[in-house]
Amino acid sequence: MFRSRSWFGGGLWKPKNPHSLEHLKYLYNVLSKNQTVSENNRGLLVETLRSIAEILIWGDQNDSSVFDFFLEKNMLSFFLRIMKQKCGSYVCVQLLQTLNILFENIRNETSLYYLLSNNHVNSIIVHKFDFSDEEVMAYYISFLKTLSLKLNAHTIHFFYNEVNEHTNDFPLYTEAIKFFNHSEGMVRIAVRTLTLNVYRVEDASMLTFIRDRTAAPYFSNLVWFIGNHIIELDICVRNDADHQSQNRLSDLVAEHLDHLHYLNDILCLNIEDLNKVLSEHLLHKLLVPLYVYSLTRRKDLLCQNQEERKYVSTVVALFLLSQVFLIVPHGPLVRTLAAVILKSNIDIIKNGASQVLKQYEDIISNTTVAFSPPKESLDKSLENLNESSKLENVAEKTVDKDKKNWYSMEKDKSIKSSTYITESNSVKTEFDKVDVANETIEEIKYLSVTDEEKEQRLALENPLTSEATGNTIEQDSLSNKPFLETILNSLYCTENDYAALFALCLLYALANNQGIDPETMDLVLAPLKVSIKNLYNETLINRIIHIITLSCQINAKVRLVTLELATKLLIQLVISENEVLLQDYHLAAVEAAKEQSTTLLRNFYKGEDIFLDMFEDEYSEIQKKPLKVEWLMMDSNILLPPTGTPMTGIEFSKRLPCGEVERARRAIRVFFFIRELSLTLNNEIETQLPLTNPSSCVQVNNVLDLNNSDLIACRVVWKDGQKIKRFLVIDCIQLILVEPDTRKLGWGVAKFVGFLQDIEVAGDKDDSRCLHLTIHKPLSCSTSNRIPLLSAKFIFEDHIRCMAAKQRLTKGRIKARQKKMNQIARLLDIPTATPHCSTPPNYALMGFRNDRMVGRGQRPKDQQRMFTVNKVPGFAAQMRRDSLIKSGTKRLEGSPSVKCQEASIRIRDSSPKMPRPRSEEIPLEDMRLRKSSLTTTPVCVAEHVEVGTLAASSPEEPEILIRKYSEETSFTERQNNETRVSRRKGKVETV
Amino acid sequence: MENRHRRSSLLKYFTDGKFAELSDPTVGVDFFARLIEVKDGTRIKLQLWDTAGQERFRSITKSYYRNSVGALLVYDVCNRTSFEHIPRWMMEARRHIEPHRPVFCLVGCKLDLVMNGCRREVSQEEARAFAEQYGVHHVETSARTGYNVEDAFRTVTQEVYNRIQNGEYKVEDGWDGIKTGFARPGGLDFNLVEAEPTKSSCC
């Protein structure tokens, strides 16, 4: 340090301490000696620039003299000078990065002001870098973005110069927005960030500048850019019937969402003047001409030159409009847009496109309504900025017009409200006339439904017609409102529900948009709060219910997502302040649909295990993932025509079912949706679902009174070799491993619980005291990994206890499942074989008797089947027989063959290992749940026929023990878990 | 703002080593690009965009995520809260990067503080277990010493490259997450965002 200072007065040699004024002086020297960039000094320059930033940041926090020196020597000008030589990207990139790091890390306000004060930064901003080099581009835009993060009411004046009229007044902003449509996504995002950072600075004169000089060109170009994206998106949808470019489409959809969120972010800053200009551009140049006009193809409308008019398909238009209403709540914009869609009639539209907006707008409107390219490119408009005087005039004019328009809007409002009632009436009338007469009947013919159903449907429509013909007002009717007409007609699912889904989405989005006034919406959607009872748009409700009815058909073309949305929307529309406004005939239609969905599901009801699993799985799926329309509208897949094949990767609910299993799953979900709808409309609470009441289950760490319970001592050996001593308790739905409670004799702490319905038991070849037990996770908590809840070896004291446990488990599984199957049967109004008896032993017994008739040779297999727990147990055959009687059953594909396989495997591995024949009888089921019943629902007292026999009892003379006892099987009663004490009466370890 | 500096320091450490010897760990960079050579010799350009400071606008973070292929989830080993926020960040990144499956790297930073006697609030085992559960990489770094910083970026790059190799990622039109390089045919670019784990402040 000493050396460098004394001999060379500020450093020709690099000082040892990189963080010192001396070092900066040295670097200054380097810079001044290398003002011309050459091949030779590039490396040195880059290193110097890098070091400068480092010292400055250090100085910013530690030594103010560093900054003083930097400013005194005007070192930023070196930067500029270097930049102005065509020095190549290597140096440029480092330069930009240095600046970037510098500005990002300066904490000291004063230092920042110093850096900005001499206008060098603005000169750097306007410098024409080689933007074709993507790295230079990226660093440049990051630099601008970093600067924008430093903007505030004070610093803005370094960037925005209101005095100087002859330069670009606000280069940071105007240079940046030139890249708004850059091919690189990240660059575009940086530009958007920057603009938002600029807008949020509260500086009136800057904002005036933005509005008057840049807003129109920027927004018109932006809107044109967005519009072109839309057209690309539309082309992608049209050309992709085969779902080949899903990724491309999803990117385009995401891009549109990005645009909307960006626009919404601007609008949310609540800069009134700016919002006006932006809304105007959006409405006049994009939303109305491209989105809304695409809803109709009527040639006689829209006087614009038809050939030139660009439009997108109806589906895409509905989809995009839904997105708009879901994302943007800015009142003036969405109100106008909603009014255009819902109220425009032919007369208004015929008067010329611009008239459409004039009718409803509270914003300036001296631009034509058309989706057309901006008059000039943004670059050009920004160059012309200097001719300020001209523009100033225009701005003044617009303000004038603005005022005028506002008055006319006010006037318009009063007219609107007076004509309201007539309008709503006529909408209804016209609908009923046209549709019911033609389309519906036509449609009903199309559908392959039973006569009964047809009648039902016609009945559903008929009262309407008679009612409606009473007061017909021709004017201003639905066919007169082409946009609304399209939306409502889209609700028909004649061929598929492609457009219907989007129409529902749009209606939902309209109904839920915070910015739209209820007055506009009342016309179409919301029930009137004050007026007469049952006022809602009947036609709309008719069509929604129609979708619901349709989805209960076999081979219905309505996707689950459409049904779910339809029910959601219906509930929203007809429930006002907890009161259901739905008229009786509509309610009846919903009930009819419920009946029909029950019938549909009944066809799939069978005893096979998979049905129960599916039933519970679908239930939990629905509960876990309720429909979120916002998310649905982000999924580009729904833009493609509905398909059935899962190979597209499209979610089940968003496509049609493929194969019998999926048809069953679909029927189950349809049942759930409509059941819930019906319950909601009837103000009832679900009492029967889910099948397992979680509050009635034993949880881990519960302390249980096990006096008089059957306990089987065992050692549990996990896969990793861990061994633990536990007592096995088998409840009616759960398997519980307990550890004795140290504080209370006869009590135990639950250490593990699993559902009996999910267990798999297998014997051990080598050790007759062992059982291999696997307990699967309930499907209802299906995480992606299907690791079993427990998979372990259980070692019992001896063979007999082992066999007892096996039998108990096996039977427990069957019973637990049977119990649930009966619950389902009750839900589906299927009478169970013996009414009031919901227990499996009937089937087991029947199965057993049945077996006796079969030849002896098959006995081992069949017996085994009765008690061996497997995924597809044999007793299902009995169940099937039962259900076959009730309805023409369809079999799940593949299941018979699977069963055969299972059976043969079972023979193979079980028969040679048949334990010694025994004729002892083991009283296995003597468990009784004695509980004080706190039930609200009646307790089902079951006549329990018990078959107690060893699985491998002697084939010669099987002893059948039949025992009767009663059991409480209600699931709903055990609400209070803590106090719950399962007392099981019986023998402990009876052998 | 405070916090933003610390987090970004991880980033600056990787900018071509140009700042490698800078001893002030509070220096931030919100963007960098650099070439990384993966195992088979292919050179990949990694671009890293920091989302910090832009949280205010919903549209912006969303967009950044969408154009990225992965994210570094950075927490402070001496700040439990920052670690607890990781799942949320992960979900957010995952949601926005969909349908593509993002590459994550869980980065515990400020390891140097532990070495200087600061109390560690997130153990290595815990973080590792978390990473394993979600199938993501995990490294602990120190921007001050540069320890493992290179590693963090290299791991992610290699993983991205592997996924390109096995066909999971396709270089496709319209997604800016990965694209073929302009300069050198055969080269690949990809974007990464750095997700900020916490708003808390500490030393």
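A compact table of results
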read-out: Karplus-derived HN-Hα couplings along region A:563-571 (A = 6.51, B = -1.76, C = 1.60, θ = phi - 60°), whole Hz, x at Gly and Pro; value: 4, 4, 5, 4, 5, 4, 5, 4, 4
read-out: Three-way shape label, region A:669-746, alpha-carbon gyration tensor, a/c 1.5; value: prolate
read-out: Filter on A:Lys276/A:Lys375; A:Lys568/A:Lys594; A:Lys606/A:Lys654 - keep pairs with C-alpha separation over 22 Å; value: A:Lys606/A:Lys654
read-out: Shape category assigned to region A:164-295 from the gyration tensor of Cα positions, a/c cut at 1.5; value: prolate
read-out: ³J(HN,Hα), Karplus 6.51/-1.76/1.60, whole Hz, each residue of region A:283-289, x for Gly, Pro; value: 5, 6, 10, 9, 5, 6, x
read-out: Burial ordering of A:Trp747, A:Trp631, fewest other beta-carbon atoms within 10 Å first; value: A:Trp631, A:Trp747
read-out: Fewest-first sequence of B:Met91, B:Met115, A:Met821 by Cβ atoms within 10 Å of each Cβ; value: B:Met91, B:Met115, A:Met821
read-out: Integer Hz, Karplus 6.51/-1.76/1.60 couplings in order for region A:54-71, x for Gly and Pro; value: 4, 5, 4, 5, 5, x, 3, 9, 10, 8, 5, 5, 4, 5, 4, 4, 4, 6
read-out: FRET efficiency estimate (nearest 0.05) - Cβ-Cβ, A:Asp379 to B:Thr42, R0 45 angstrom; value: 0.75
read-out: Three-way shape label, region A:130-226, alpha-carbon gyration tensor, a/c 1.5; value: prolate
read-out: Computed label-point distance, nm, for sites A:Ser38 and A:Asp720 using a 7 Å Cα→Cβ extension; value: 6.9
read-out: Fewest-first ranking of A:Ser65, B:Ser142, using other Cβ atoms within 10 Å as the exposure measure; value: A:Ser65, B:Ser142
read-out: Computed label-point distance, nm, for sites A:His154 and B:Arg88 using a 7 Å Cα→Cβ extension; value: 3.2
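We did not get these values from a lab; they are worked out from the coordinates using the rules stated. If you're wondering where the values come from, they're calculated on a predicted model, not measured in any experiment. A quick note on method: Cβ atoms are made from the backbone with ideal geometry, for glycine too, and the neighbour counts reach across all protein chains shown.
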